[in-house]
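Below is one structure, written out as structure tokens; comments come after it.
The values are calculated or read from the model by the stated rules, or taken from the named source; none is laboratory data. All values derive from a computational prediction rather than experimental measurement. Methodologically, a virtual Cβ is constructed for each residue, glycine included, from the backbone with ideal geometry; neighbour enumeration extends over all protein chains shown. Each accessible area value is taken on the protein alone, full model and side chains, heavy atoms only, with ligands, DNA and RNA left out. Shrake-Rupley method; radii C 1.70, N 1.55, O 1.52, S 1.80 Å.
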Amino acid sequence: MTEHATPRFAVVGHPNKGKSSIVATLAQNDGIAIALEPGTTRENGHYPLRVDDRLLYELIDTPGFQRPRRVLAWLQAHSLSASDRPDTVRAFVTQHRDDPRFHDECQLLTPILDGAGILYVVDGAVPYSREQEAEMEILRWTGRPSLALINRIGAGDHLADWRAALGQYFQIVRDFDAVHAPFDAHLSLLRGFGQLAPEWEAPLEEATAHLRDQRRHRQHQALQLIAAALADMLTHRETGRLRDDGNRDALEHDLGQRWRDWQRQREQRLRRDVEALYQHRHLRRREQALAWQPGSDLFSEQARRTWGVSRTYLATAGFGAGALGGAGIDALTAGHSLGAGALIGGVLGAAGSVFYGGKYADKLGAFKMLERFTGGTEAAFGPVRDPQFGYVVLGRALEHWHQVSHRNHAGRDPLTLGDADRHWLEQLPRGQRQRLQKALQDPPREPGDVKRRDALENAVEQAGEAFLNWRSGAS
Amino acid sequence: MPLSPVRRLLDFDAQYRRDQQHTPDFLHRRDRRLALARQQDGAPPPDAAAWLSAVDAPGAGDALRSWRRGRAALTVAGAVLGVLTMLGVLYVDGQGRINVTLIMALALLQLVLALATSAQALSGRRPWGRLLGRGDGADTPVLRQLHPQLAARAAHGAGLAFAVTALLTLLAQVLVRDLAFGWSTTLQTSAPAYHALVEQLAWPWRGWLPAAVPGLELVEQSRYFRLVSEAPADPERLGAWWPFLAMLWLCYVLLPRLALLGLARLHLNHRARALLQRHPGWVALRERFATPWVDSGQAPAAAGPGPAVPAATELAPAPERGVVIRWAGAGSADLAGRLLEQAPAQVLEAGGSASLEQDRDTLARADLGLPVVLLARGWEPPTGELADFLDDARHCLPADTDIMLLPLANDDKTAVVDGALLAQWQRFVGRHKPVRLCRP
């Protein structure tokens, strides 16, 4: 496919009707300016979709119409018949290219005259008004394939009126909520672009297939990031030296504080990594203003209530996880232990889970004295011993990932952690719960610990699927 | 020169850790391009060595330096110990004999130690690691996983040096001294039984080197008892054990060490290859090779820094009397009628769906010598057509006409108070002085 035949779409419309929101969402770029005013220099923004450096389509974000009535008046004054209208529009651009009054009109008309399709954006939340008919008429004069998009910026609903009016000017009329539309709606809209011209259908189909694969791949990568962070956080240990004449309580407090700070920083790094993966580059600046509920920090009781699990759950899953380990003994004895290994492992797993999972805040990390050295003793805080901790970290991470992955790039509202009256683990089959429990209890101790790493990654992958099902069921 | 598997693993791991500093987008783009470039040449995606070369990886530095030094020190120690041990074994005082049984036991002990070293490495364990592990902290986690194999290689190297110098010492002693060998044991063993044992031990070479297999006669003649000080019938015969002992050392100490050293090298390389295949970076790299790079608007953000916000100014109150013009249908007719303290002299329409001629007509009708208040939708940015209308108004209306602009909030009733929205209107009127903003 030559560059010339590549589908190109100029997103045009009245100022402040959501053109840039549409482009931001479809181009997955949250840095696109949303509102501007005349007098501010505005050039077309080009947002190509390339797959392995091959251009599949290009969106062009244009300035809004500033003087459509004057443009239309000029066109009508210089046209003799319907057949010369595209040439008349071209003549207008040629004539006014250097005229600052018509800078924006020349900018938006140039790509259309060069072969781009038209995506005309209106705000379906405000009533239809005839004032935009001049813009639509100009676009009709270009003779290019065109599609109207009814974006909804506010609460009002005037879709029917807009559809009726736009249908008279444009080949296809579609509704699209740039801020809230789900990913499948993005793809559906892109396929709709392909219907504007027969030669555009194949590249748009290919583009949507790649975007779908990219999304699947990102999900896999995001869950791997979560698994890696979980492994780090579950095994982290802060060490210090207690001199013979030192204060044990002060050292424990100091190490505990350092341990908690490290955990918070690691969690924040995970947040940034997931946001970068989904190309939410500007979300980070707003992170300080994230509307996490007051007190719902990683270690609060609120977090435990939302994302932790019950004692019964811990006992059940702990039994299963212990039984999985004990079954290994049975396998080694070729069954001669008559299943005693699984039974003993299960009982031990359940007992350990319940014992350590009872209280939360005071059992995050264990303070231990290690080896002696001349004049003192090596002390350590951590790794975490509360099995609830892994569930809290995982639940919060999955919630953040879910929100980021389902957030359109036109969105400007801060992220807020959701809450629910049911637990996401309900969606996880029993076998997967046990494997998750085992992976959380026995995380990889170092990067080369392939077996445990794979177990944790698999468990988190399954948890991610269950979380998606849970969220889609709740919404 | 091709990289050894260990060096390749360490270089890859170092580059993997460097890559953590890059964005995932950059890594995906870089590696996918490499794979595509090779695909165009009909080649599969690059292996680790080719990839390291393609990304110009600087390598892991001398990560094995301490291990290399340790190996060298162990080898030297083994060599010295070999000389000293053999000299000690061959040491005799006066008419004493060198006990062949002791040398055989030493050789078999060496064999057992060598096999135990290899068994530890093959099982991946290093029970004595804690004793020597104090200095391991500087090693990367990947290198730490190679410790059993690296340690086995070093141990076999030292063992081989021990075996070689001990054998050379034996041969040198044979050359410069008249060694008298004999055998002695507390156990009730007959000479034929001892000969049978010797023949068994000589199994590897007895078929092709019979001179190195002691006969029954020699075995009988060379038995001695510590408390019997009789001289041997033929002292020259007692030196005939040395070919057997040399071959015993060669076949049970030196060659096994050599073979196990080779095995340790192979195992180390195999382990390094396996670790590379399971390395999280290698798995991710292959994914990047295979996954198309989808670039959906990675360009820098189009928006620059926003325009400067002018200093907040107090909005002038709307005049008591005047002409009200609704721009593009802003505000209701009812609002326009009661906006001013006194009923407006005229409520006119302009912009929006009106024609340019109608705008000019509106301006002509607004020329009443009264202030003109223009209502606009404050939540929408001011357009060029509004700017044109204000310019036309300044030209058409008398110079002393007070032209005021009232941007309405989205309830269409009150004035805009939102900071960002108000700022853009302030900038707008700033470019169209003497037009002023006003409030109801």
Please calculate the 1.4 Å probe accessible area of residue B:253, with all protein chains present, and give it to the nearest 10 Å². 0
Between residue A:57 and residues 5 or more places away or on another chain, the pairs with built amide H atoms under 5 Å apart involve A:49
Under 20 Å from the Cα of residue B:433, which aspartates and glutamates turn up, not counting those fewer than eight places away in the same chain? A:37, B:314, B:367, B:385, B:388, B:391, B:392, B:400, B:402
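Where in chain B lies the longest segment free of GluC sites (Glu not before Pro) that are both loop residues by DSSP (not H, G, I, E, B) and have at most 16 other Cβ atoms within 10 Å? The partial results should precede the final answer.
Working: sites that count: B:230, B:314, B:320, B:341.
My reading of the result: B:1-229 is the longest stretch.
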I'd like the accessible area for residue A:278: 1.4 Å probe, protein heavy atoms, all chains in place, Å² to the nearest 10. 10
For the stretch A:8-196, max minus min Cα coordinate along each principal axis, in Å, sorted largest first? 46, 41, 34
In a Gaussian network model over chain B where Cα atoms closer than 10 Å are linked, find which of B:11, B:334, B:31 has the largest mean-square fluctuation. B:334
Return the equivalent ellipsoid semi-axes of the stretch B:316-439 as a descending list in whole Å, where each equals the square root of 5 times an eigenvalue of the C-alpha gyration tensor. 19, 16, 15
From the phi of every residue in the stretch A:130-144, what ³J(HN,Hα) in whole Hz does the Karplus formula 6.51 cos²θ - 1.76 cosθ + 1.60 yield, where θ is phi - 60° and glycine or proline is x? 6, 5, 8, 5, 4, 4, 5, 5, 4, 5, 5, 5, 5, x, 8
Computed accessible area, residue A:369, all protein chains, 1.4 angstrom probe, square angstrom: 70
Report the Cα-based extents of the stretch B:46-204 along its three principal axes, largest first, to the nearest Å. 70, 32, 32
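How well do other chains shield peptide B:373-385, expressed as the mean number of their Cβ atoms within 10 Å of each residue Cβ? List each step's numbers first, then the result.
On the way: counts 0, 0, 0, 0, 2, 0, 5, 9, 11, 5, 11, 15, 9.
Mean partner shielding for this stretch: 5.
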Taking only Cα atoms of the stretch B:137-229, the Rg to Rh ratio with Kirkwood Rh works out at 1.21
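Which order do B:176, B:435 take by accessible area at a 1.4 Å probe, largest first?
B:176, B:435
Multiplying the sequence separation of residue B:171 and residue B:237 by 0.36 nm and subtracting their Cα-Cα distance, what value in nm do you get?
On the way: separation 66, 0.36 × 66 = 23.76 nm, distance 1.72 nm.
Fully extending the segment from residue B:171 to residue B:237 adds 22.0 nm.
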By accessible area of protein heavy atoms, probe 1.4 Å, what ranking do B:19, A:454 get, highest first? A:454, B:19
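Excluding the sites themselves, what is the longest stretch of chain B that contains no trypsin sites (Lys or Arg not before Pro) in a DSSP loop with at most 15 other C-beta atoms within 10 Å? It would help to have the intermediate numbers written out before the result.
Numbers: sites that count: B:125, B:177, B:226, B:321, B:413, B:431.
Counting at most 15 other Cβ atoms within 10 Å as exposed, the longest clean stretch of chain B is B:1-124.
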In the stretch A:420-470, which trypsin sites (Lys or Arg not before Pro) are in a loop and have at most 13 other Cβ atoms within 10 Å, using DSSP for the loop call? A:422
Taking square-rooted eigenvalues a ≥ b ≥ c of the alpha carbon gyration tensor, is chain B rounded, prolate or oblate, where a/c under 1.5 means rounded and, failing that, a/b exceeding b/c means prolate? prolate
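Once Rh for the stretch A:121-173 is found with the Kirkwood sum over Cα pairs, what is the Stokes-Einstein diffusion coefficient at 10 °C and 1.306 mPa s, in µm²/s?
Working: Rh = 11.2 Å.
The Stokes-Einstein estimate is 141 µm²/s.
Find how much the distance from residue B:283 to residue B:55 grows on full extension, using 0.36 nm per residue of separation minus their present alpha carbon separation; answer in nm with one decimal. Provide the component values of the computation, followed by the final result.
Values: separation 228, 0.36 × 228 = 82.08 nm, distance 1.71 nm.
So the extension gain works out to 80.4 nm.
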Using only the Cα atoms of the stretch B:1-59, what are the Rg and Dmax in Å? 11.9, 32
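How big is the C-alpha Rg of the stretch A:172-269 next to the rule-of-thumb value 2.2 N^0.38 Å, as a ratio? Don't skip to the end; give the middle numbers.
Details: Rg = 25.6 Å, N = 98, 2.2 N^0.38 = 12.6 Å.
Normalised Cα radius of gyration, the stretch A:172-269: 2.04.
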Two-decimal log10 I(q)/I(0) for the stretch A:120-208, as the Debye equation yields it once each C-alpha is a single scatterer, q = 0.13, 0.19, 0.23, 0.25 Å⁻¹: -0.45, -0.91, -1.17, -1.26
Could you please put B:53, B:184 in sequence from largest to smallest accessible area, using a 1.4 Å probe? B:53, B:184
